[in-house]
1. What is the distance in Å between the Cα centroid of region B:113-139 and that of region A:203-231?
2. Under a Cβ-Cβ cut-off of 9 Å, what is the net charge of the residues other than residue B:138 that fall near it, where Lys and Arg count +1 and Asp and Glu count -1?
3. For region B:191-254, taking Cα atoms only, what is the radius of gyration to one decimal and the Dmax to the nearest whole Å?
4. Please grab the % of Cα pairs in chain B that end up more than 25 Å from each other.
5. Filter A:200/B:198; A:68/B:68; A:173/A:233 down to the pairs with a C-alpha to C-alpha distance above 20 Å, please.
6. If the viscosity is 1.567 mPa s and the temperature 4 °C, what Stokes-Einstein diffusion coefficient in µm²/s follows for the protein assembly as shown when Rh is the Kirkwood radius over Cα pairs?
7. Provide an ascending nm list, one decimal, of label-point separations from residue A:32 to the equivalent residue in each further copy; define each label point as 7 Å from Cα along Cα→Cβ.
8. Per DSSP helix of 4 or more residues, -39500 (n - 2.57); summed, then divided by the residues of chain B. What does that give at 222 nm, rounded to the nearest 500?
Protein chains: 2
Amino acid sequence: MASGSVRTAVRPDKAAAEEVPGFRPLYRQVYEVLVRRIAEGVWKPGDALPSEPEIAADLGVSHGTVRKALDELAAENLVLRRQGRGTYVASHDDARILFQFFKIVADTGEHRFPESRILSVDIVDADSDAVQRLAVRAGARMVRLDRVRSVGEKLCIFERILLPKVMFPGIEKRALPNNLYELYRSVFGVTIVRTTEKLKAVGATRSVAKHLDVAAGTPLLQVDRVAFGIDGKAAEWRVSLCLTDTTHYLSDLR
Amino acid sequence: MASGSVRTAVRPDKAAAEEVPGFRPLYRQVYEVLVRRIAEGVWKPGDALPSEPEIAADLGVSHGTVRKALDELAAENLVLRRQGRGTYVASHDDARILFQFFKIVADTGEHRFPESRILSVDIVDADSDAVQRLAVRAGARMVRLDRVRSVGEKLCIFERILLPKVMFPGIEKRALPNNLYELYRSVFGVTIVRTTEKLKAVGATRSVAKHLDVAAGTPLLQVDRVAFGIDGKAAEWRVSLCLTDTTHYLSDLR
DNA sequence: ATTCTTATGTCTTATAGAAGACTACGGCAA
DNA sequence: TTGCCGTAGTCTTCTATAAGACATAAGAAT
């Protein structure tokens with residue numbers, strides 16, 4: 001275990017420091033130790049972390065330094081702090097995922113998880129697009145998943161999802177729930193913490209139009225998303241085609 | 001001036017505290033004082049703030065408390081800290097605005113400020129949509145601005161912008177630059193720090209299609225944005241219709 | 001041009017008290 | 001006895017203060 005004082009590696013004396021450009025402040029190193037432990041599953045989502053003084057003693061740094069590291073973790077939604085109770089590894093439950101990653105909102109402001117219906121599950125080889133987005137090697141075995149999603153009765157999203165088979169062994173044989181990220185975490189130990197999305201407006205192709213029950217050429221919002229795990233590796237590539245006549249994609253910039 | 005010790009108003013004794021639900025920690029109050037001073041122009045964008053110990057002495061709190069307040073300011077991009085030099089009010093220059101608020105990116109990854117050509121400038125009365133988004137009263141005088149934008153030779157955005165006339169007196173008589181937010185700040189003292197955007201896919205209307213030189217019905221990405229100033233007041237409503245055949249809207253979620 | 005000084009922000013540690021939340025225990029009533 | 005309630009104690013995070021070591025940059029002195 002990489003436990004014990006993190007201090008030994010820190011703040012080399014001045015002469016040495018000049019030769020080590022990759023110098024990070026102590027609280028940053030503590031941050032990294034904690035992230036690694038969470039990624040390795042030492043503490044699992046939902047678990048309480050040890051108390052701040054405990055972590056401090058464990059790593060041989062002061063309470064305040066641990067606090068600053070935890071501040072960063074909390075700011076990135078990796079942990080959840082509750083005064084008087086403790087600090088918990090973010091559970092990434094439905095509500096959390098809904099607000100953090102699911103940006104499609106009804107024009108009325110209502111924010112609901114849409115139902116899903118699986119259309120097909122296939123094993124395919126990675127093409128060049130997949131290689132580029134997921135950083136897998138060409139021809140790697142992938143699981144491809146097509147589904148349509150609806151809010152209430154209304155069909156609104158056609159979605160194609162691509163996963164590296166090696167990260168999700170046997171997922172093609174499973175029953176697939178509505179909230180895939182929760183499945184990734186609980187069964188395969190892959191916690192999604194970050195995504196990048198590219199949005200375009202496109203016309204519905206004939207086949208997509210049929211799935212969504214609209215005319216070919218209907219304008220659709222195309223969301224091309226790559227999702228990354230806690231270790232920074234790309235884990236999922238998903239292209240969603242959304243009908244936005246009664247919904248929109250909400251983006252707050254600060 | 002509301003200078004001097006902020007301390008008097010803080011942490012009333014326990015009995016009183018129960019009657020004061022709007023209690024905020026000291027560092028938060030310091031934060032608010034600093035925001036107000038920046039908003040009032042005591043320190044202008046680009047200016048250096050006083051040193052941390054100076055602010056601490058000025059407000060009668062400890063250095064660490066000021067630091068914590070500045071941490072928040074920095075996290076919200078309101079100030080820029082440079083070790084060994086000082087803390088500066090964020091300049092919100094072109095590059096900053098480009099990265100913070102302009103999310104349309106070429107598919108190649110290139111990120112450029114598009115050129116603008118003004119189509120019309122009008123004075124109009126606020127309709128119900130404007131009232132709802134900008135929180136002005138019905139019938140308030142507004143400045144409406146239509147323009148098309150292009151990257152290089154390629155037309156890509158049609159934009160309609162609505163401003164409360166009272167916040168931007170005389171703007172309708174001015175030469176309008178490419179980067180409006182910079183104009184808002186330098187001439188009218190309105191610094192945009194936050195926006196919310198609603199994205200939809202729509203078909204080009206006949207008139208928009210003509211401006212963008214495409215066929216009517218072409219799928220366009222509609223970005224409906226409200227921009228807020230440092231005081232939290234809505235300052236601009238902008239609807240952009242973007243051709244996304246060679247560009248996309250980039251959204252990073254964490 | 002190089003080195004030194006000084007000013008300033010950054011990082012770390014330490015201490016102390018406030019506030020929220022859970023647990024254990026004891027008294028009281030049914 | 002059994003069940004309920006309130007209180008005290010303890011653990012946790014949160015807020016505030018203070019002080020010193022260190023890093024960085026600007027300008028002065030060499």
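Readers should treat all values here as calculations from the given coordinates under stated rules, not as data from a laboratory. What you see is a predicted model, and the numbers here were worked out from it, not measured in a lab. When we count neighbours, we look across all protein chains shown, and the Cβ atoms used for this are built from the backbone with ideal geometry, even at glycine.
1. The two parts, judged by their Cα centres, are 32 Å apart.
2. Details: positive: B:137; negative: B:125, B:127.
Spelling it out: positives minus negatives among the neighbours equals -1.
3. Taking only Cα atoms of region B:191-254, I get Rg and Dmax of 14.1, 42 Å.
4. Details: 17246 of 32131 pairs.
For chain B, the share of Cα pairs beyond 25 Å comes to 54 percent.
5. Working: A:200/B:198 13 Å; A:68/B:68 11 Å; A:173/A:233 24 Å.
Listed pairs above 20 Å: A:173/A:233.
6. Numbers: Rh = 26.1 Å.
Rounded to a whole number, D works out at 50 µm²/s.
7. Taking the point 7 Å beyond Cα along Cα→Cβ, the inter-copy spacings are 4.0 nm.
8. Numbers: 8 runs with 71 residues, N = 254.
Calculated mean residue ellipticity at 222 nm is -8000 deg cm²/dmol.
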